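The values are calculated or read from the model by the stated rules, or taken from the named source; none is laboratory data. These numbers were taken from a predicted model, which means no experiment stands behind them. In this analysis, Cβ positions are derived from the backbone assuming ideal geometry, glycine residues included, and neighbour counts consider all displayed protein chains. SASA here: full protein model, heavy atoms, side chains in, ligands and nucleic acids out. Shrake-Rupley method; radii C 1.70, N 1.55, O 1.52, S 1.80 Å.
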Amino acid sequence: MCGIVGYVGHRPAYPYLIEGLKKLEYRGYDSAGIALHFGNALKVVKKAGKVAALEELTAVIEQGSPIGIGHTRWATHGIPSDNNAHPHTSQSGKLVLVHNGIIENYAALKEELLKKGYTFHSDTDSEVLLNFIEDIQQNNNCALEEAIRIALKRVSGAYVILLLSEEYPQTIFAARKGSPLVIGIGQGEHFLGSDASPMLGYTKEVVYINDYELAIIKPDELILKNLGNERLTPFVQQLDMELASIEKGGYEHFMLKEIYDQPAAIYDSLRGRLDAQQGQITLSGVDSIKDKLMAARRIIIVACGTSWHAGLLGEYLIEELCRVNVEVEYASEFRYRNPVIDEHDVIIALSQSGETADTLVALENAKTQGATIFGIVNVVGSSIARLSDAGAYTHAGPEIGVASTKAFTAQLTVLQLFALKLAQMKGTLDKTVAQELMQELALVPEKVQHILDTQLENIKKIASTYKDARDFLYLGRGYNFPIALEGALKLKEVSYIHAEGYPAAEMKHGPIALVDEHLPVVFVATKDRVHEKIISNMQEIKSRRGKLIAVVSEDDQTASSLSDDCIFIPQAHEIVAPLLSVIPLQLLSYYIGVERGSDVDKPRNLAKSVTVE
Ligand code: F6R
């Protein structure tokens, strides 16, 4: 986690740094800071709280320097405080550093440095790394670049670091392992960021730095080396992102904008890939690993959080349509539990950011054991995208709200396409049924729009009725079970109300004990093959006086008459229905969060890109 920015060039660095930090706040927002180089002195300003607090503090400082670095933090080592905020300053005062990631062997390094008389002003692993670099430079009497290389060979963990040195008034030193770093190339200037969003509007040419690379960045020179001190040629790519896509566009919050983006995001994820008329799916990534997929004895889906919920739906879909065994794994468990993997396995990696540390390492491990990786990723050029053997991007556009919404529905869309394509390749799906499903899929964007157009006021009213509840239960069966999980997660994240998702029938094996007249129970009960069963589950809750809120198909009298409050969505085939039923749950969470006064775009304790394990 944590967002980092840097600038070196011919204009004042400060505006780029402060605006860039605001764009990267989704990565962490418990403290922030900047360092500017004034030729012979380094000036550091940092503060606990969001970037806005830093901005107030920096309003009065000298801002004219053309070189600087900045950081917005998601605490790992040490509470959010002024001292633990980055940049950190070395013992001599001659180096400053910002760091994103975790130095796992920091305790041993700190021990070494303490014995040598170093003192520390923060509880962070980052300050240890900085002093470790300084110590190496002083002891070996070597150039800073060399000291960084030696230090990085000795640390374990993940990092992106940016360093300024009093000695080098025109240079930023940067290195990466496991956390992302992008360098934008301008005319006589360079822009650095954890992702490319800060540099939109400045440049379209970017270089994604790889693991174990060190960059020495001056206004008109970018030197790239590996840790063995060999020069590398930077691979310059064109940035495919527009400024408007990372702005709120008149909405009060990014989360609401992104919920409303969904008809377009789903359409964009289908565009050029789905030809419902001809009954054809084009996914070149699937074609490129066709042999592996056809021979695969099983498919393993690896993800975290909301992406894991999409993965669970992927399991239902792929098993049903393609008749192949699918397992869904939490990346954090998968990476440590020594799973049996070999070259016959195909792994689907699901990730919005493409940088989630647990997912990334789980994939690296699986790849080492011979598995083929298919990435379904939103951020183009991200680490997971680059690690994958093949893949299909979700075209959701940048997702800024910390709680994932449009990235989730875009993931579901790509999983639908993947399952249909594989089913066609394997011949496991009747041609007419396949075409019918494709036609259903093509209709999803307009059905999502219909929900947004017709249900908003109703959902706002429901949010207002239940906003003070202490707990919520979300229930669904079959394809709607992962949606119940996702609805509960969304509510927890943005309203801080405790919520649990459960398979509707499983509820009677325990959670039913929670039900009384104070418990709102959200049923995802669209018409499908288990509809009658879920109606019985609704009866069971009703007879225990639970409050029933139900997401139901438009013509469903039975479910609606049972419910205290109802949200209607258009009828759809049960396989595509989750793409619709999740929309009201996102809106419900959003409005409950807003009513309760939460910062829905940046809920407490969370970060968008979880690059620590
Ligand atoms: C929840 C949410 C998280 C992410 C999870 C994985 O709203 O956004 O649960 O889904 O951290 O992130 P990605 O998809 O970037 O790997």
Based on this model, can you work out whether Glu540 counts as open to solvent by 70 Å² or more (accessible area, probe 1.4 Å) and part of a helix (DSSP H, G or I)? no
Taking the stretch 554-577 and the residues there that are open to solvent by less than 10 Å² (accessible area, probe 1.4 Å) and out of contact with any Asp or Glu (no Cβ under 9 Å at 6 or more places or on another chain), the one that is farthest from Val521 (Cα to Cα) would be Asp556
Residue set Leu21, Leu57, Leu42, Leu17; condition within 21 Å of Asn131 (Cα to Cα) and touching a strand residue (DSSP E or B) at 6+ places or on another chain (Cβ under 6 Å); output residue Leu42
Free of Cβ contacts under 8 Å to residues at least 24 places away in the same chain and open to solvent by 20 Å² or more (accessible area, probe 1.4 Å), is that true of Asp287? yes
Here the residues within the stretch 361-374 that are open to solvent by 10 Å² or more (accessible area, probe 1.4 Å) and within 15 Å of the ligand (Cβ to nearest atom) are Val361, Glu364
- prompt: In this structure, is Glu355 in a loop (DSSP other than H, G, I, E, B) and acidic (Asp, Glu)?
  reply: yes
Tell me, please, whether a residue that is within 20 Å of Ser543 (Cα to Cα) and in contact (Cβ under 8 Å) with a residue 12 or more places away in the chain can be found in the stretch 476-497. yes
Per the filter on the stretch 591-613, residues free of Cβ contacts under 8 Å to residues at least 60 places away in the same chain and away from the ligand (no atom under 14 Å from the Cβ) are Gly597, Asp599
If you go through Glu329, Glu333, Glu319, Glu315, the only one that is more than 23 Å from Ala577 (Cα to Cα) and in contact with a strand residue (DSSP E or B) (Cβ under 6 Å, 6 or more places away or on another chain) is Glu329
Do we have Ile575 as in contact with a Pro (Cβ under 6 Å, 6 or more places away or on another chain), outside any helix (DSSP H, G or I) and assigned by TED's automatic domain parsing to the domain that holds Ser464 here? no
Selection from the stretch 387-413 of residues closer than 19 Å to Lys292 by Cα, more than 14 Å from the ligand (Cβ to nearest atom) and not small (Gly, Ala, Ser) yields Asp389
The condition of being hydrophobic (A, V, I, L, M, F, W, C) and out of contact with any Leu (no Cβ under 6 Å at 6 or more places or on another chain) holds, among Ile136, Ile69, only for Ile136
Within the stretch 512-566, the residues that are among the β-branched types (Val, Ile, Thr) and under 23 Å from Leu579 (Cα atoms) are Val521, Val522, Val524, Thr526, Val530, Ile534, Ile535, Ile549, Val551, Val552, Thr558
Pairing a residue in the stretch 399-410 that is in contact (Cβ under 8 Å) with a residue 12 or more places away in the chain with any residue that is within 7 Å of the ligand (Cβ to nearest atom) and polar (S, T, N, Q), where Cβ atoms lie under 7 Å and the two sit 6 or more apart in sequence or on different chains, gives Glu399/Gln352; Ser404/Thr306; Ser404/Gln352; Ala407/Gln352; Phe408/Thr306
The stretch 27-124: strands (runs of 3 or more DSSP E) wholly inside it with 2 or more residues that are farther than 30 Å from Gln187 by Cα and touching a residue at least 40 places away in the same chain (Cβ under 8 Å) are 95-103
By residue number, the members of the stretch 430-472 that are in a helix (DSSP H, G or I), without any contact (Cβ under 8 Å) to a residue 40 or more places away in the chain and closer than 28 Å to Glu320 by Cα are Thr432, Val433
Going through the stretch 387-425 in order, the residues found to be part of a helix (DSSP H, G or I), open to solvent by 10 Å² or more (accessible area, probe 1.4 Å) and over 16 Å from Ser284 (Cα atoms) are Leu387
Among (1) modelled with pLDDT of 95 or more; (2) under 16 Å from Gly70 (Cβ atoms); (3) open to solvent by 10 Å² or more (accessible area, probe 1.4 Å), Gln170 falls short only on (2)
